[in-house]
Amino acid sequence: MDDVEQLKQAFSGRPGVLGWDRFIHSSVLAPVVTVDGELHLLFQTRTKGIRQGGEISFPGGGFDPGKDEDLKATALRECTEEMGIPPEKVTVIGELDTLITSVGVTVSCYVGVLEDGALEAMAVNEDEVADWFTLPLSFFRETEPLIHHVRLMVEPHYDHPKKGRVTLLPSEALGLPKRYHKPWGGLTREVYLWDTPHGTLWGITAELVLELVRAMAQDAAT
């Protein structure tokens, strides 16, 4: 094989996501259920005292290579563990675009239709789920989310309350330009919020709901 052919082979099948193996991968299920003849999304409120306690979310969690064949399996497993809904009661009909968060976590979201009677048969894990509720998809189609922003910075060093100054990237010693001797960046990222009767739905979950609604609107327009 000559050099050009070897180069072609090296780049066949690309592109992907650079650094994919360095991200933490998670997956959620966006459960769709019919309530009184109308499509609803099923949400949970996380139990206080655990990670993201008190927040509204879809069932989901981190990919476990010892348990999960793929990220869809992660979403279904977490739905079973948290909401008591087994995979055989869920028909996965699609997947949203992968969300890459500002903290280096990827979120894959699978849209799953629950079979009739799934809500009545739920066995919620109270160690993780304090409450659950549904909201009609029409609510999100007809109600624009509030939009706020956060500012993202890259910090080559930071001040620890006990350790003092912690240097992660010795920019000055490495001879990097002066602009990298202190935090840089300052890009803003949108944060979406809906005020619901069950509390504020925001952050990653709100961004996924917005993407779902936009996908439905785009499909209806074609």
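The values are calculated or read from the model by the stated rules, or taken from the named source; none is laboratory data. Here the structure is a predicted model, which is why all the values come from computation and not from measurement. Cβ placement follows ideal geometry from the backbone for every residue including glycine, while neighbour counts extend to all protein chains displayed. These area figures cover heavy atoms from the full protein model, side chains too; ligands, DNA and RNA do not enter into them. Shrake-Rupley method; radii C 1.70, N 1.55, O 1.52, S 1.80 Å.
Give me the percent of the accessible area of the chain that comes from carbon and sulfur atoms, probe 1.4 Å, all protein chains in place. Before the final figure, lay out the partial values.
Working: 7300 of 13980 Å².
Accessible surface attributable to carbon and sulfur in the chain totals 52 percent.
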If the elastic network links every pair of Cα atoms under 10 Å, which of ASP21, ASP159, ASP68 fluctuates the most in the Gaussian network model of the chain?
ASP159
Using a 1.4 angstrom probe with every protein chain in place, what is the largest-first accessible-area order of THR200, THR74?
THR200, THR74
Angle, helix 71-83 long axis vs. longest principal axis of the chain, Cα atoms, 0 to 90°, nearest 10?
50 degrees
Calculated [θ] (222 nm, deg cm²/dmol) that DSSP helices of n ≥ 4 give over the chain, each run adding -39,500 (n - 2.57)
-6500 deg cm²/dmol
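Below 8 Å between Cα atoms, with a sequence gap of 6+, how large is the relative contact order for segment 74-165 in percent? Don't jump to the answer; show the numbers that get you there.
Details: 75 pairs, mean separation 22.1, N = 92.
For segment 74-165, the relative contact order is 24 percent.
For segment 11-127, what class follows from the C-alpha gyration tensor (a ≥ b ≥ c being the square roots of its eigenvalues): rounded when a/c is under 1.5, otherwise prolate if a/b is larger than b/c, else oblate?
Verdict is prolate for segment 11-127.
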Under 14 Å from the 7 Å Cα→Cβ point of LYS182, by amide nitrogen: which residues of segment 133-169?
154-158
Provide the per-residue ³J(HN,Hα) series for segment 200-211, in order, calculated from phi with Karplus coefficients 6.51, -1.76, 1.60 and θ = phi - 60°, each as a whole number of Hz, with x at glycine and proline positions.
7, 9, 8, x, 4, 4, 5, 5, 5, 4, 4, 5
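Pick out, in residue order, every one of the chymotrypsin sites (Phe, Trp or Tyr not before Pro) in segment 1-98 that is DSSP loop and has at most 13 other C-beta atoms within 10 Å; say none if there are none. Spell out each step's value before the answer.
Values: sites: PHE11, TRP20, PHE23, PHE43, PHE63; in loops: PHE11, PHE23, PHE63.
Passing sites in segment 1-98 are PHE11.
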Mean separation of Cα contacts under 8 Å (6+ apart) over length of segment 1-159, as relative contact order %:
27 percent
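Which GluC sites (Glu not before Pro) from segment 115-166 combine a DSSP loop assignment with at most 15 other Cβ atoms within 10 Å? It would help to have the intermediate numbers written out before the result.
Numbers: sites: GLU115, GLU120, GLU126, GLU128, GLU142; in loops: GLU115, GLU120, GLU126, GLU128.
Qualifying residues, ordered by number: GLU115, GLU120, GLU126.
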From Cα pairs below 8 angstrom and at least 6 apart in sequence, can you work out the relative contact order of segment 113-222, rounded to a whole percent?
25 percent
